[in-house]
Each structure stands twice: as structure tokens, then as C-alpha cells.
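Participant: Let me begin by handing over the structure; questions about it come next.
What follows is calculated from the coordinates using simple rules that are stated; it is not laboratory data. Remember, it's a predicted structure, so these values are computed and weren't measured experimentally. Heads up, the Cβs are rebuilt from the backbone with ideal geometry, glycines too, and the neighbour counts pull from every protein chain shown.
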Amino acid sequence: MATARSLAALPSAGAPRSGPRRAGAWPPRVVAAAAEPEHARRLVAEFDPAVPLEAAVTPPSGWYTDADFLRLEIDRVFLRGWQAVGHIWQVENPHDFFTGRLGNVEFVICRDANGNLNAFHNVCRHHASLLACGSGQKTCFQCPYHGWTYGLDGTLLKATRISGIKNFNKNDFGLVPVKVATWGPFVLARFDDESTEGDVGDVVGDEWLGSASKLLSTNGIDTSLPHICRREYIINCNWKVFCDNYLDGGYHIPYAHGALASDI
């Protein structure tokens, strides 16, 4: 959750603007990062993956403080590739749904009446209002702003007070889909167009985890652990600081968590 919140501070490239607009203007979509600024490219170039661990140094401070570098990370790290966004128990039954946010992208995952798992940008195609919040069960998504109503398969069911508008075809204004899949107990989503179609267990697992997917699949994936709840924490730091703290091998525990260290 710290990752999602720290990324969400950036403004959306496709955010709705104030004032009147035609129906369907600014459809939600993931916009690729603009041309990389020269200084962001220099920051990337400072990383040498060939340096052995014993010769490694602390990453440049710009990796943690530069806004352009963060935008580049969102595009290259988080929006290109599968991301774990939920648990299969959250959408176990028809009409189940849950929402989330990754960077500047709001999404909703749902299971329709036919049992199909779907994912969409959680944005009304009319004036870009959020459609759904939290999680639960719904038979449809109704925009709280003007009442446009969508099925859980993404189709536009009703567009209020739209009669008389020329060249309006409601079939053209369904929710914008997001790729969704499951692997083990995880619900995965991705927001680019580079995924290979194929068997979920093989292709998606390989794209998400690489060679580790075969190792985990061989030993079996435990899907029996139930989903209890989701908790969010707002942590005022760059997302990598949180990861660095978790992955330092317990280096900080004797000094920052003395009571815990005494019990280990």
C-alpha cells in the first residue's frame, strides 16, 4: 500500500479538466511517459548492474527525490508488466468487486453475472467521475455524478438525458478495459499492451515472476489461505525507501527494534 500511495502523488496525464465537454471526452487511458529528460537518462545511466555487491555504492539521491525519475519509474516499472492487485477471494462470486489505484490509474476489478473476471479503468466515460469505491457486491456501476450506468462487463447500459445528441452510440462508450488474470491466489492486472496471450499459468506467471514461476508452480501454490481484509498505510517517503528498509536483511533491527531483536 505504501507503493501505491507514494506513486499517487503525481497528477494524471489524462486527468479531466474543468468546464463543459462532449460526451466521452478524455477517455481514461494510460499515457506513456513523455520524452525522458536528459537528467533522468543520466540518473539511469549511473546504475551499473555488473558491479558486484561488495563494490556497490548507495544509489544517487536523485533516484529518491527527482520528480522526472519517479515518472519514469511509474511508466517503466509499474505500468509495464503484471502487478498483484488483489486476492481471488475478493472476487470469488458473481457481482463481487474491489477497487484500487496504481500511480495515477484508478481501476476496478469485478466478476460479472456469468462468472467472468473483468477489469476496467474506474472512470465514467462522460465527465470522468470515479464510478466505484471500496469493495463489495454490485449488479451494475452507476456514476454518482450524472447517473450513467454500466454493466459489470463494461457495457454502457444507460446514458441519462442524452436523447437528441447527434452521432451518439452508447456501444462506443463502454468502460475502458484493463488486462486481468489470476495466478495462484493472486489477481493480477497490467496497464500496457505488451502482454502475450496464452495460458494464465504459463505465460502470465513467466511474465510476472520469470523463472521463479516454474519453481513456485512445481512446489505448489497454496490457495487455501483466506483473504481477511485490506489495510492501507500512508507512508511519507519514496517507495524505494520502504523497500530498502524491508530488504536490508534485518540490519536495522537491533538498533530500531530492540525489543524485537531480544526475542529473536
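Participant: Could you check the spin-label model distance between LEU215 and GLN137? Points 7 Å from the Cα along Cα→Cβ, value in nm.
Facilitator: Going by the 7 Å Cα→Cβ label model, 4.1 nm.
Participant: Quick one: what are the phi-derived ³J(HN,Hα) couplings along region 121-129, Karplus 6.51/-1.76/1.60 with θ = phi - 60°, whole Hz, x for glycine and proline?
Facilitator: So the Karplus estimates, Gly and Pro as x, are 5, 7, 9, 5, 6, 8, 10, 6, 6 Hz.
Participant: Additional query: Note down the relative contact order for region 82-227 as a percent, whole number, built from C-alpha pairs under 8 angstrom at least six residues apart.
Facilitator: 22
Participant: Continuing with this model, one more query. Mind checking region 115-164 for chymotrypsin sites (Phe, Trp or Tyr not before Pro) that DSSP puts in a loop (not H, G, I, E or B) and that have at most 15 other Cβ atoms within 10 Å?
Facilitator: Counting only loop positions with at most 15 other Cβ atoms within 10 Å, the chymotrypsin sites (Phe, Trp or Tyr not before Pro) in region 115-164 are TYR145.
Participant: How many angstrom lie between the C-alpha centres of region 205-264 and region 59-108?
Facilitator: Each part's Cα centre sits 16 Å from the other's.
Participant: Another one. Quick one: net charge around PRO94, please, counting Lys, Arg +1 and Asp, Glu -1 for every other residue with C-beta under 13 Å from its C-beta.
Facilitator: Every neighbour counted, the sum reads -2.
Participant: Place a label point 7 angstrom from the Cα of ASP172 along the Cα-to-Cβ direction, then list the residues of region 114-150 whose backbone nitrogen is under 15 Å away.
Facilitator: Of the residues in region 114-150, 125-126 have backbone N under 15 Å from the label point off ASP172.
Participant: To continue, here is another question. May I ask you to compute the full-extension gain from LEU53 to GLU38, defined as 0.36 nm times their residue separation minus their alpha-carbon distance, rounded to one decimal in nm?
Facilitator: Length difference between fully extended and current span is 2.6 nm.
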